[in-house]
Ligand SMILES: O=P(O)(O)OC[C@H]1O[C@H](OP(=O)(O)OP(=O)(O)O)[C@H](O)[C@@H]1O
Ligand SMILES: Nc1nc2[nH]cnc2c(=O)[nH]1
Ligand SMILES: [Mg+2]
């Protein structure tokens with residue numbers, strides 16, 4: 001279980017997606033982009049815009065934690081991407097690498113890129129922007145909301 005949190009703001013996410021797009025430019029042009037839903041949708045939209053790709057497919061994988069039985073399952077197949085040749089797969093992050101492994105099996109010829117990578121999942125990516133420690137949980141902008149924090153002085157007064 002994660003013991004630390006890394007908060008990613010919309011600005012950081014946009015900046016990191018543009019950095020990834022820039023690194024991907026020399027590897028293209030790509031026929032299209034496959035977003036790994038749902039976390040890959042927004043990064044894929046930013047990257048498809050930068051790379052001028054109008055063909056955007058999706059793949060959806062449901063994974064289960066260790067307590068639950070069952071294999072990770074593709075519940076939406078990327079029909080337009082064939083075996084992945086000429087396609088770019090985008091996800092927000094790789095953690096254990098379970099999702100990336102099943103996506104790569106389905107699209108063996110695609111390039112797989114993501115914004116953030118933890119050490120266990122890193123070998124399954126062709127490209128990523130920032131490495132995150134394994135014990136850190138990444139909080140994406142869609143996972144969080146700004147919260148009121150009382151001033152320190154008020155907190156100190158309540159405690160005295
Ligand atoms: O490397 P892994 O251990 O497989 O973890 C990484 C995956 O987990 C998250 O997706 P999640 O399955 O939570 O679904 P979501 O994208 O719909 O939020 C994240 O968006 C990656 O796709
Ligand atoms: N939001 C989020 N989802 C995940 N799924 C697997 N690892 C992570 C993580 O660090 N953050
Ligand atoms: Mg996901």
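The values are calculated or read from the model by the stated rules, or taken from the named source; none is laboratory data. A quick note: this is a predicted structure, and the numbers were derived from the prediction, not measured. Neighbour counts run over all protein chains shown; Cβ positions are idealised from the backbone, glycine included.
In the stretch 87-133, counting only strands (runs of 3 or more DSSP E) that sit wholly within it, the ones holding 3 or more residues that are closer than 16 Å to residue 48 by Cβ span 87-94, 111-117. Being out of contact with any strand residue (DSSP E or B) (no Cβ under 8 Å at 6 or more places or on another chain), more than 16 Å from residue 139 (Cα to Cα), away from ligand 2 (no atom under 16 Å from the Cβ) and at pLDDT 95 or above: is that true of residue 31 here? In short, no.
Just checking, how many residues over the stretch 20-44 are within 14 Å of the chain's Cα centre (by Cα) and loosely packed, with under 15 Cβ neighbours inside 10 Å?
First, the residues of the stretch 20-44 that are within 14 Å of the chain's Cα centre (by Cα): 20-21, 33-44.
With the extra rule that they be loosely packed, with under 15 Cβ neighbours inside 10 Å, the set shrinks to 38.
Residues flagged as within 14 Å of the chain's Cα centre (by Cα) and loosely packed, with under 15 Cβ neighbours inside 10 Å within the stretch 20-44 amount to 1.
Among the residues examined, residue 159 does not qualify as touching a strand residue (DSSP E or B) at 6+ places or on another chain (Cβ under 9 Å) and either more than 16 Å from ligand 2 (Cβ to nearest atom) or without any contact (Cβ under 8 Å) to a residue 12 or more places away in the chain (or both).
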